[in-house]
Amino acid sequence: TLVNFYLSSSYNESQGGHRMHIGLLILCGFLIGFILIFLGMGAALYIGCLITIFHLSAKTAAASALVVTLPALIIGTLINHRTHTIDYHRGNFLLKWALLGTIGGSLIVPFTNHDLYQLIISVILIILASTILWNSISHSRKKKSSKLTAKYFPPFASIISGVMVGLAGMSGGGPLVAGMLLLDAPVAQAAATSSYIRIWTTLLGVGLHWHTMTIAWQPVLFMALGTSLGSACAPLMMRLIGQRNRKFISR
């Protein structure tokens, strides 16, 4: 993999250009790692960067992004555990549904062609966007989640999150954050608990797909370095800003 990386046309440049790519990988990792822990979502940005900036294939980018995500999730969760930000009771409730979704998503993969795969991912992203938008509107109007929504939507959102990991190699943080917010969890707690859940779904996703994964290890290593730094800064930043500003930034 390393030989192919060095011989690829995207990186067959001068030493100065090579250093620029390394710096850009670390910078992208830092920014996305910060967002990932600060908001509890955004790992799909890894896939976007690896495809559009570094010209990896969609399949390789998804697999690589899944591996890059792990350092951020582990570091962020350890820091949030020390500050007692994680709601383990709600988190474990959503975790079991997310794990079922991850297994289900991985079982679908052999039976999907390219067009069906794209359709499923599109539906997942539409559901994700719609739920976050609805939740943002309802919270801006200071409405609490209805009992019906709080009972049925969080498990459904967790299943969607798991399917995103098992089927598409995406992190699945958005549905989990939306589910936690619909359980009327504070923004910081929703983000922290989402990171905790995704450690296990990501590990399961990597384990289920390891034999078919194509990972670009050198971009992963440099991006993981930046990701580790960004994820370590995010909880510290959340402690420095006020609750009102935190909600404004999150929205």
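The values are calculated or read from the model by the stated rules, or taken from the named source; none is laboratory data. Please read these numbers as outputs of a predicted model, since none were measured by experiment. Neighbour counts are summed over all protein chains in view; Cβ atoms, including those assigned to glycine, are modelled from backbone coordinates with ideal geometry. Note: accessible area is taken over every heavy atom of the protein model, side chains too, but ligands, DNA and RNA are not part of it. Shrake-Rupley method; radii C 1.70, N 1.55, O 1.52, S 1.80 Å.
Below, the figures for the structure above:
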{"quantity": "Helices (runs of 4 or more DSSP H) completely within region 163-243 that count 3 or more residues being over 26 Å from residue 108 (Cα atoms) and under 15 Å from the mean Cα position of the chain (by Cα)", "calculated": "187-209, 217-240"}
{"quantity": "Region 89-123, subset among the β-branched types (Val, Ile, Thr) and part of a helix (DSSP H, G or I), residue farthest from residue 169 (Cα to Cα)", "calculated": "123"}
{"quantity": "Criterion (open to solvent by 70 Å² or more (accessible area, probe 1.4 Å), of a type in the set (Val, Ile, Thr) and more than 18 Å from residue 178 (Cβ to Cβ)) met by exactly one of 120, 75, 126, 103", "calculated": "103"}
{"quantity": "Hits in region 33-56 - residues which are over 14 Å from the mean Cα position of the chain (by Cα) and touching a residue at least 40 places away in the same chain (Cβ under 8 Å)", "calculated": "50, 54, 55, 56"}
{"quantity": "Evaluation of residue 54 against (1) in a helix (DSSP H, G or I); (2) surrounded by fewer than 22 Cβ atoms within 10 Å (Cβ to Cβ) (one fails), failing number", "calculated": "(1)"}
{"quantity": "Checklist (1) assigned to a loop (DSSP other than H, G, I, E, B); (2) at pLDDT 70 or above; (3) more than 17 Å from the chain's Cα centre (by Cα); (4) not aliphatic (A, V, I, L, M) applied to residue 143, failing item", "calculated": "(2)"}
